[in-house]
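Derivation of every value follows stated rules applied to the coordinates shown; laboratory data play no part. Fair warning: this is a prediction, and the values are worked out from it, not measured in the lab. Here the Cβ positions follow ideal geometry from the backbone for every residue, glycine too, while neighbour counts run over all protein chains shown.
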Amino acid sequence: MEAAVESRVEETPETPLREFWRYFSANPGALIGLGVVVFVVLLAIFAGAIAPHGPAENHDDAFLLPPVWAEGGGWNYPLGTDAIGRDMLSRLIYGTRFSLLIGCIVVAISMTIGVAVGLAAGFFRGTFDILVMRLVDIVLTMPSLLLAIVLVAILGPGLVNAMIAVSITYLPYFVRVTRAAVIGEMAKDYVTASRVNGASILRLMAITVLPNCMAPVIVQATLSFSSAIIDAAALGFLGLGAQPPTPEWGTMLADSREFVLRAWWVVTLPGLAILVTVLAINLMGDGLRDALDPRLKR
């Protein structure tokens with residue numbers, strides 16, 4: 001009797017969520033990346049309560065003060081101050097809001113439009129598919145940052161226009177990933193069965209096929225999130241993105257580049273913030289790929 005109970009327990013199928021976590025947690029880098037991302041998200045949410053000073057608050061008696069561990073530093077400004085007396089720690093904490101906001105908006109825009117276009121291209125082959133893919137190929141021949149610079153130059157500098165420009169540069173990736181996944185799913189038996197049962201085109205696209213194509217799209221979204229942060233920071237560094245005194249990490253780098261030799265912290269700390277955040281998101285993306293791609297499951 002006990003053997004039969006144990007056998008039934010062992011044969012209990014693993015839920016999709018438990019299976020996902022098993023494969024995701026098997027990657028130590030993905031767990032580290034997830035922890036850092038959660039920490040950054042919490043900083044962004046509670047920035048007002050955590051930051052010791054306002055992001056644009058000037059202190060006339062604290063110009064270019066070094067971090068607390070360097071000579072001349074103090075706990076009033078743990079990571080030092082910039083050239084006009086603004087607390088670096090507070091600006092970095094508030095900067096997480098802008099970086100995450102940029103990533104979320106860019107991915108939301110590019111994924112929504114890209115998935116819709118790729119889904120339609122995968123379903124309605126022929127002339128529409130050829131036109132879409134040729135347009136995608138043309139856009140992909142240009143470096144994403146260069147294209148974003150051209151678009152911002154046309155739209156005008158600013159954070160909103162920078163996000164729109166970066167969103168356009170990532171559209172082709174979502175179109176190609178979604179189209180390839182849809183074409184692969186269209187040849188499977190469950191799609192044929194749905195057609196035979198009289199399912200409409202809209203139902204086939206939105207309910208039958210699309211959910212089974214989301215795994216590569218989610219991985220692409222994660223990688224595009226980190227790339228969007230880098231591109232937005234690059235535009236901010238060039239003066240085409242967020243404008244001062246916005247505490248965006250790329251803008252902070254641009255404002256402080258003239259002090260790189262005599263006040264290293266005003267340049268190094270925003271750069272490290274970008275590096276750590278992007279690296280963590282990429283590590284988490286690798287874990288998502290391992291957990292969602294059936295070909296990588298052992």
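If you take every residue apart from residue 136 with its C-beta less than 12 Å away from the C-beta of residue 136, what net charge results, scoring Lys and Arg +1 and Asp and Glu -1?
+1
Over region 172-244, consider all pairs of different Cα atoms and compute the Kirkwood hydrodynamic radius from their mean reciprocal separation; express it in Å, one decimal.
14.6
Any idea which of 177, 25, 273 is furthest toward the positive side of the dipole for the chain, if Lys and Arg beta-carbons carry +1 and Asp and Glu beta-carbons -1?
177
Report, by chain and number, residues whose modeled amide H sits under 5 Å from the one on residue 81, excluding near sequence neighbours (fewer than 5 apart, same chain).
64, 65, 88
Gaussian network model of the chain, Cα springs within a sub-10 Å range: biggest mean-square fluctuation belongs to which of 67, 16, 143?
Top of the fluctuation ranking is 16.
May I ask for the percentage of alpha-carbon pairs in the chain that lie more than 29 Å from each other?
Value for the chain: 48 percent of Cα pairs lie more than 29 Å apart.
Can you sort 214, 163, 205, 111 so the residue with the fewest Cβ neighbours within 10 Å comes first?
Sorted ascending by nearby Cβ count, the order is 214, 205, 111, 163.
How large is the Rg to Rh ratio of region 50-106 when both quantities use alpha carbon positions and Rh follows Kirkwood?
Looking at region 50-106, the ratio lands at 1.07.
To the nearest 20 debye, what is the magnitude of the charge dipole of region 94-241 about its Cα centre, counting +1 on the Cβ of each Lys and Arg and -1 on the Cβ of each Asp and Glu?
220
Please check the chain for the longest run free of chymotrypsin sites (Phe, Trp or Tyr not before Pro) that are loop-located per DSSP (anything but H, G, I, E, B) and have at most 11 other Cβ atoms within 10 Å.
76-298
Please give the calculated 222 nm ellipticity per residue for the chain, where each DSSP H segment of at least 4 residues contributes -39500 (n - 2.57) and the sum is spread over every residue; nearest 500 deg cm²/dmol?
-22500 deg cm²/dmol
If you filter region 58-165 for trypsin sites (Lys or Arg not before Pro), then keep DSSP loop positions with at most 16 other Cβ within 10 Å, what is left?
125
Using a cut-off of 14 Å between beta-carbons, work out the net charge of the residues near residue 114 (Lys and Arg +1, Asp and Glu -1, residue 114 not included).
Counting the neighbours of residue 114, the net charge comes to +2.
Return the ratio Rg/(2.2 N^0.38 Å) for region 114-166, where Rg is computed over Cα atoms only.
Normalised by 2.2 N^0.38 Å, the Cα Rg of region 114-166 equals 1.39.
Please report, in whole Å, how far the alpha carbons of region 100-210 spread along each principal axis, starting with the longest.
53, 28, 17
For the chain, which longest stretch is free of loop sites, where a loop site is one of the GluC sites (Glu not before Pro) that DSSP puts outside H, G, I, E and B and that has at most 10 other Cβ atoms within 10 Å?
Answer - 72-298.
Quick one: compute a quarter of the convex hull surface over the Cα atoms of region 86-133 and quote it in nm².
Computed as one quarter of the Cα hull surface, the answer is 4.2 nm².
Scanning the chain for helices, which whole DSSP H stretches are 15 Å or more long along the axis (Cα) and average 1.6 or more by Kyte-Doolittle?
Flagged H segments are 28-45, 88-123, 127-140, 144-155.
In what sequence do 60, 129 fall when counting other Cβ within 10 Å, fewest first?
Taking fewest neighbouring Cβ atoms as first place, the list is 60, 129.
Where does region 218-298 land on Rg(C-alpha)/(2.2 N^0.38 Å)?
Expressed relative to 2.2 N^0.38 Å, the Cα Rg reads 1.37.
For the chain, with the dipole built from +1 on Lys and Arg beta-carbon atoms and -1 on Asp and Glu ones, taken about the Cα centre, which of 149, 253, 217 lies farthest toward the positive end?
217
If we count other beta carbons within 10 Å of each Cβ, what is the order of 93, 183, fewest first?
The most exposed by this proxy come first: 183, 93.
Work from the charge dipole of the chain (Cβ charges, +1 for Lys and Arg, -1 for Asp and Glu, about the Cα centre) and give the residue of 100, 45, 55 farthest towards its positive end.
100
Evaluate the charge dipole of region 57-100 about its Cα centre and quote only its size in Debye, nearest 20, assuming +1 on the Cβ of each Lys and Arg and -1 on the Cβ of each Asp and Glu.
260
Using the crude model of +1 on Lys and Arg Cβ and -1 on Asp and Glu Cβ, and no other charge, please compute the dipole size for the chain relative to its Cα centre, in debye to 20.
980
Kindly give Rg over Rh for region 51-164, based on alpha-carbon atoms, with the Kirkwood expression for the hydrodynamic radius.
In region 51-164, Rg relative to Rh is 1.24.
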